[in-house]
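Right, one structure below, let's go through it.
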Amino acid sequence: MDLWKISLNEYNNYDNKKYETLFTLANGYRGIRGALEFSSKGNRGNYIAGIFDKSQSQVTEIVNLQDPLGFNIYIEDEKVDMDECVLDNFNRELDMQSGVLNTRFIATTKKGKSIDIRCERFVSRNKINRWASKYELTPLNFNGKVFIENYIDGSVTNGAWDVMNKNKHFKVKSIFDSNPGIALTIETNDNNMKSLELTTLMGENERGNIFKTRRYSEFGETVSEVYETYMTEGKTATIFKYGISLSDKDMKCDLFTAGTSELKDFIKDGYGAELEEHKKIWRKIWDEIDIKISGDEKAQLGIRFNLFQLAASAYDGDTKVSIAAKALHGEGYKGHIFWDTEVFMLPFFIYTRPKVAKALLMYRYNTLKGARENAAITGYKGARFAWEAADEGLEVTPKWGFDYDGNAVRIWTGDEEYHINSDIAFGIVEYYRATNDKEFLVNYGIEILLDTAKFWQSRVEYSKAEDRYEISSVIGPDEFHEHVDNNVFTNYLAKWNIEKALFFKDWLKTEDNVVYKVLCSKLGLNDEDFKLWDIMAEKMYIPKSEDGMIIEQFQGYFDLADIKITQYDENEMPVWPDFEGNKLGETQLIKQADVAQLMIMLPEEFTDEVKKSNYEYYEKRTMHKSSLSPSMYSILGLAVGDRQNAYKYFMKAIFTDLEDNQGNTDFGLHAAASGGSWQSAIFGFVGLRVNKEGILNINPWLPEQWEDLSFNINWKGSRVSISILKDKIKVDSTGKITLNIYDKKYLIDKEKQLVIAR
Ligand code: BGC
């Protein structure tokens, strides 16, 4: 098994959509779904992070832009269509090491002409506006005229698979014979944001150019160039397709002029040179992100897939975009950004690519205006981050959707899932803790901590009867229960958010008193507020069982029908139990980790005993109907000694998309599950955590078949390389660090490898 490659050896066009997601190529700036040029079955997607539009849809959504992949081969008058031809030797392979997608097959047309087709595609990590394909075409049993068509399709819509929600978010603005190539510019309906696709072909064999004539044409919303060539049996013709994508989101200039000049430069640099640079960058990225697992090929391949897709979904070049729940891989959840980013994906970036982590957090800073508006229009103060966000940070959660039986239901998450505020605060503290990036904290981070705390100040309710603060009518991470009071995840993290705001404002006061004063004046905060915050944090209500051992997910949860999971399907996932006449919300069944989630985020706040009893209680009631859930149970399971299930949950997480275990990979990557996969390996099996004193700890346990688990992390500016072998642990660091291993303290200095027995 090649542990860098995701392969597919059978063609079944029913699966095209799923593989379009799995084979998406992205570079943080944009994503192109892994569509096959020679099949019209599927759901092509071309997205640029940050290009959103609402027009006639329910809420604003990521725009599926004009499609630049168009490429047809005509052998005389027969088009090579994968769904019409006989196919042999079909193979697709995503080479994750170099970020290249390969497709190969032999197509035989109805008239019996066979052609061997090999395509290679990449979306450059070097120059983010460049992408390219290489086609190697070999006639196997004919000589004759072949026409190659290169086209850009502007008739694209969002939601092409769902007629009731299909929307076209742009108008084709202009079409050009651009010399070189063809160009198509679009403009979004609401904000008039423009984007340009520009492509051309260069064809050669050993004697040079192979094209005889070129015909340019425009049909409706499509622009095309067709080249005539003559092909000889057994001789390979190589065609390069060069692509440039630009948008005025990042470039305030004439897109067409900039695009043509960039395309010329690309041709001058050459396909091969750009590919080399692209591969070089991926090598560097892998050096930062890879997790090596020896002794378990399935786990190795699976974890790499998640690391690859996460790293492909973000870059440090734009602080106004973040990673959507489905990343740049599809239109699921309308390209919206959730807590998935800060709680599930961000740790991966903090520890492996901190500059990207910072850019992701800056997106929240840059959308504070929207968050403040969300608070104001719902009657609160401070900043209320949107449960689902797009370009401006305004709440864009749809109000209506469908339940599991297809009935229309009101979606309350945008109204009630407030915990997103503390999740973002959590991301900031976690980032600072691992990087010591004071500049970020002073200039941006603390403002978010304070303004989210200010929101909580206006949102909590004081109960005079109980002398405590409460938060009523919310949705916690478990979305099966709506309008609940005092969800512990929400309350606990609101309390934590307030405490951190207090702690860091004190820190700022001595660190930079001017910034402190300016901030207080900007946010309208003074010592009276801070005093009150202290009391609120202290008196926040946290419901628990009588003996204090089990946290009650929300007030009244223990009184619900106690239905537990008793059966598991062939994939070892829970089967819906009989609700015994209750509605789902009237039972104790939960959608995903909730109390467990809290214990993973704040491991230092709970004793091992409490963690264990909560894990045992909630694990039996968690349906894992969100892909966010299994990785979290794997981490908590390892913390409390449930090793067997931990491995099972880890494998579920890393194969979420590769095995399509939520059944909706067609619509994009489960990016939070990818982040959870990293966490499950590092926070789970390695047991990496930062203790209350801010010291890094590891406490590894490996499944029997794992011979070695190796990875790198960044810790306060040092790069730390850790290898966990069967009988020893090896640690290298580029700077001085303190590391606790199985609770014993070690000082590690640069160039002095620490080796200890296990
Ligand atoms: C989960 C949320 C998650 C969202 C986007 C929902 O099904 O319940 O926790 O944020 O999906 O991934």
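The values are calculated or read from the model by the stated rules, or taken from the named source; none is laboratory data. Please read these numbers as outputs of a predicted model, since none were measured by experiment. All Cβ positions, even for glycine, are placed from backbone atoms using ideal geometry, and neighbour counts span all protein chains on display. All accessible areas refer to the heavy atoms of the entire protein, side chains included, with ligands and DNA or RNA removed. Shrake-Rupley method; radii C 1.70, N 1.55, O 1.52, S 1.80 Å.
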Exercise. When you go through 67, 77 one by one, which is the residue that is free of Cβ contacts under 8 Å to residues at least 12 places away in the same chain and more than 13 Å from residue 159 (Cβ to Cβ)?
Worked result: 77
Problem set entry | Any hit, the range 659-681, residues being touching a residue at least 40 places away in the same chain (Cβ under 8 Å), within 16 Å of the ligand (Cβ to nearest atom), in contact with an Asp or Glu (Cβ under 7 Å, 6 or more places away or on another chain) and open to solvent by 10 Å² or more (accessible area, probe 1.4 Å) | yes
Seminar exercise, completed: In the range 561-595, residues that are β-branched (Val, Ile, Thr), more than 21 Å from residue 477 (Cα to Cα) and assigned to a strand (DSSP E or B) total 0
Exercise. Has the range 451-470 got any residue that is closer than 22 Å to residue 614 by Cβ and in a loop (DSSP other than H, G, I, E, B)?
Worked result: no
For this session: Could you grab the pairs with beta carbons closer than 7 Å, sequence gap of 6+ or different chains, first residue in the range 572-600 and charged (D, E, K, R), second one more than 16 Å from the ligand (Cβ to nearest atom)?
Result: 572/648; 580/561; 580/563; 586/560; 586/561
Exercise. Taking the condition at pLDDT 95 or above, within 16 Å of the ligand (Cβ to nearest atom) and not polar (S, T, N, Q), does residue 638 pass?
Worked result: no
Problem set entry | Positions within the range 471-506 being more than 16 Å from the ligand (Cβ to nearest atom), within 28 Å of the chain's Cα centre (by Cα) and either more than 16 Å from residue 540 (Cβ to Cβ) or of a type in the set (S, T, N, Q) (or both), in sequence order | 491, 497
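Quick one: how many residues across the range 522-539 are under 16 Å from residue 492 (Cβ atoms), free of Cβ contacts under 8 Å to residues at least 60 places away in the same chain and open to solvent by less than 60 Å² (accessible area, probe 1.4 Å)?
At the first step, the residues of the range 522-539 found to be under 16 Å from residue 492 (Cβ atoms) are 533, 536-539.
So of that shortlist, the ones also free of Cβ contacts under 8 Å to residues at least 60 places away in the same chain come out as 537-538.
Adding the requirement that they be open to solvent by less than 60 Å² (accessible area, probe 1.4 Å) leaves 537.
Within the range 522-539, residues that are under 16 Å from residue 492 (Cβ atoms), free of Cβ contacts under 8 Å to residues at least 60 places away in the same chain and open to solvent by less than 60 Å² (accessible area, probe 1.4 Å) number 1.
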For this session: Could you please give the count of residues in the range 577-590 that are within 16 Å of the ligand (Cβ to nearest atom) and over 18 Å from residue 637 (Cβ atoms)?
Result: 3
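Yes/no per residue for (1) within 16 Å of the ligand (Cβ to nearest atom); (2) closer than 25 Å to residue 702 by Cβ; (3) part of a helix (DSSP H, G or I); (4) modelled with pLDDT under 95:
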| site | (1), (2), (3), (4) |
| --- | --- |
| 600 | yes, yes, yes, no |
| 617 | no, no, yes, no |
| 648 | no, yes, yes, no |
| 653 | yes, yes, yes, no |
Exercise. Restricting attention to the range 638-655, does a residue exist that is among the β-branched types (Val, Ile, Thr), touching a residue at least 60 places away in the same chain (Cβ under 8 Å) and either in contact with a Phe, Trp or Tyr (Cβ under 9 Å, 6 or more places away or on another chain) or open to solvent by 30 Å² or more (accessible area, probe 1.4 Å) (or both)?
Worked result: yes
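Conditions tested, residue by residue: (1) within 29 Å of residue 666 (Cβ to Cβ); (2) modelled with pLDDT under 95.
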residue	(1), (2)
119	yes, no
138	no, no
146	no, no
157	yes, no
160	yes, yes
166	yes, yes
169	yes, no
175	no, no
184	yes, no
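Quick check on the range 244-254. Is at least one of its residues modelled with pLDDT of 95 or more, closer than 25 Å to residue 119 by Cα and open to solvent by 10 Å² or more (accessible area, probe 1.4 Å)? Outline the logic, then answer.
We begin by selecting, within the range 244-254, every residue modelled with pLDDT of 95 or more; these are 244-247.
Right, trim to closer than 25 Å to residue 119 by Cα and you get 244-246.
Adding the requirement that they be open to solvent by 10 Å² or more (accessible area, probe 1.4 Å) leaves none.
Checking the range 244-254: not a single residue is modelled with pLDDT of 95 or more, closer than 25 Å to residue 119 by Cα and open to solvent by 10 Å² or more (accessible area, probe 1.4 Å).
Touching a residue at least 60 places away in the same chain (Cβ under 8 Å) and basic (Lys, Arg) - does that describe any residue in the range 718-737? Walk me through how you get there before you give the answer.
Here is the first cut: in the range 718-737, the ones touching a residue at least 60 places away in the same chain (Cβ under 8 Å) are none.
No, the range 718-737 contains no residue that is touching a residue at least 60 places away in the same chain (Cβ under 8 Å) and basic (Lys, Arg).
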Exercise. Exactly one of (1) within 16 Å of the ligand (Cβ to nearest atom); (2) in contact with a strand residue (DSSP E or B) (Cβ under 9 Å, 6 or more places away or on another chain) is unmet by residue 289. Its number?
Worked result: (1)
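State yes or no: is residue 468 surrounded by fewer than 23 Cβ atoms within 10 Å (Cβ to Cβ) and either modelled with pLDDT under 95 or within 27 Å of residue 508 (Cα to Cα) (or both)?
No; evaluated as a whole, the condition is false for this residue.
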Problem set entry | Subset tally (residues that are open to solvent by 60 Å² or more (accessible area, probe 1.4 Å) and at pLDDT 95 or above) for the range 540-567 | 7
For this session: Find the residue count for the range 179-213, including only residues that are surrounded by fewer than 21 Cβ atoms within 10 Å (Cβ to Cβ) and either in contact with a Gly (Cβ under 7 Å, 6 or more places away or on another chain) or assigned to a loop (DSSP other than H, G, I, E, B) (or both).
Result: 10
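Could you list, in sequence order, all residues of the range 161-178 that are outside any strand (DSSP E or B), surrounded by fewer than 18 Cβ atoms within 10 Å (Cβ to Cβ) and in contact (Cβ under 8 Å) with a residue 12 or more places away in the chain? Don't jump to the end; show me each part of the working.
Let us first name the residues in the range 161-178 that are outside any strand (DSSP E or B), namely 161-166, 168-169, 178.
The next check asks that each one be surrounded by fewer than 18 Cβ atoms within 10 Å (Cβ to Cβ); those that pass are 161-166.
Listed by number, the residues that qualify are 161, 165.
So, in the range 312-349, of the ones that are β-branched (Val, Ile, Thr) and surrounded by 24 or more Cβ atoms within 10 Å (Cβ to Cβ), which residue ends up farthest from the ligand (Cβ to nearest atom)?
Filtering the range 312-349 for residues β-branched (Val, Ile, Thr) gives 319, 321, 323, 337, 341, 343.
From what is left, the residues that are surrounded by 24 or more Cβ atoms within 10 Å (Cβ to Cβ) are 321, 323, 337, 341, 343.
Numbers: 321: 17, 323: 11, 337: 9, 341: 9, 343: 9 Å.
Residue satisfying both the conditions and the ranking: 321.
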Seminar exercise, completed: Flagged in the range 485-510 as in contact (Cβ under 8 Å) with a residue 60 or more places away in the chain and open to solvent by less than 10 Å² (accessible area, probe 1.4 Å), in numbering order, are 486, 487, 488, 489, 490, 493, 494, 497, 501, 508
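Could you tell me whether residue 702 is surrounded by fewer than 23 Cβ atoms within 10 Å (Cβ to Cβ) and either among the hydrophobic types (A, V, I, L, M, F, W, C) or within 16 Å of the ligand (Cβ to nearest atom) (or both)? Explain how you work it out, then say what you get.
Numbers: surrounded by fewer than 23 Cβ atoms within 10 Å (Cβ to Cβ): yes; either among the hydrophobic types (A, V, I, L, M, F, W, C) or within 16 Å of the ligand (Cβ to nearest atom) (or both): yes.
Here the answer is yes, as residue 702 does meet what is asked.
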Exercise. In the range 391-415, how many residues are more than 23 Å from residue 490 (Cα to Cα), within 16 Å of the ligand (Cβ to nearest atom), in a loop (DSSP other than H, G, I, E, B) and open to solvent by less than 70 Å² (accessible area, probe 1.4 Å)?
Worked result: 1
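Taking the criterion of being open to solvent by 30 Å² or more (accessible area, probe 1.4 Å), away from the ligand (no atom under 16 Å from the Cβ) and not in a helix (DSSP H, G or I), would at least one residue in the range 625-635 satisfy it? Don't jump to the end; show me each part of the working.
First, pick out the residues of the range 625-635 that are open to solvent by 30 Å² or more (accessible area, probe 1.4 Å): 625.
When the remaining residues are screened for being away from the ligand (no atom under 16 Å from the Cβ), the result is none.
No - not one qualifying residue is present in the range 625-635.
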Exercise. Checking residue 385 against (1) part of a loop (DSSP other than H, G, I, E, B); (2) within 16 Å of the ligand (Cβ to nearest atom); (3) open to solvent by 10 Å² or more (accessible area, probe 1.4 Å), which single condition isn't satisfied?
Worked result: (3)
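When only residues in the range 350-380 that are assigned to a loop (DSSP other than H, G, I, E, B) and closer than 24 Å to residue 675 by Cα count, which is nearest to the ligand (Cβ to nearest atom)?
Restricting attention to the range 350-380, the residues satisfying the condition of being assigned to a loop (DSSP other than H, G, I, E, B) are 353, 367, 378-380.
After this cut, where a residue has to be closer than 24 Å to residue 675 by Cα as well, the list is 353, 367.
Details: 353: 21, 367: 17 Å.
Among those residues, the one meeting the criterion is 367.
Residues being in a loop (DSSP other than H, G, I, E, B), more than 20 Å from residue 157 (Cβ to Cβ) and open to solvent by 10 Å² or more (accessible area, probe 1.4 Å): count how many of those fall in the range 1-60.
Keep residues of the range 1-60 that are in a loop (DSSP other than H, G, I, E, B), which gives 1-4, 9-12, 23-24, 27-29, 33-45, 49-51, 54-60.
Restricting the remaining residues to those that are more than 20 Å from residue 157 (Cβ to Cβ) gives 1-4, 9-12, 23, 27-29, 38.
If we keep only those that are open to solvent by 10 Å² or more (accessible area, probe 1.4 Å) too, we end up with 1-4, 9-12.
Total meeting the criteria: 8.
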